[in-house]
Amino acid sequence: MDQTFALSPPLYQANRAVRVATNHSETKSRIAQQRIRRSSHAEVRGVRCEVRNGILYLRGTVTSFYLKQLSQEAVRTLEGIAAISNDVEVIGFFQRYGSGTLLNSFTTPPVSVL
């Protein structure tokens, strides 16, 4: 006797709906990430995007509230997003780059006296 196993239509449709919703979220996440990566600010380009249940989550760290806002503005007009959860953390410049970075950039080279 030949046995074949097939998904019943309701179960198949439910699985298909989950798969479509997942693909939709992945597509929106990819589009949002592309918009973030187009930013002229390197720190903003490091922000990560993820879409789940119609909500766009932004995560990462930047050194100013201005850069946090820029990351949100880059994806604000993305269609099909119900809300944006901007979880980008603002940390201090020295916390990110270290205390010697700024000082090293201002040191002057030695001057030879003739």
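Any read-out appearing in this document is the output of simple, stated calculations on the displayed coordinates, not a laboratory observation. What you see is a predicted model, and the numbers here were worked out from it, not measured in a lab.
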Residue-wise, which Karplus ³J(HN,Hα) couplings in Hz belong to the stretch 58-74, taking 6.51 cos²θ - 1.76 cosθ + 1.60, θ = phi - 60°, and x for glycine or proline? 9, 9, x, 9, 9, 9, 7, 5, 4, 5, 4, 5, 4, 5, 5, 5, 5
Whose amide H sits under 5 Å from the amide H of Ser85, counting only residues 5 or more places off or on another chain, with H placed in the peptide plane? Leu56, Tyr57, Leu58
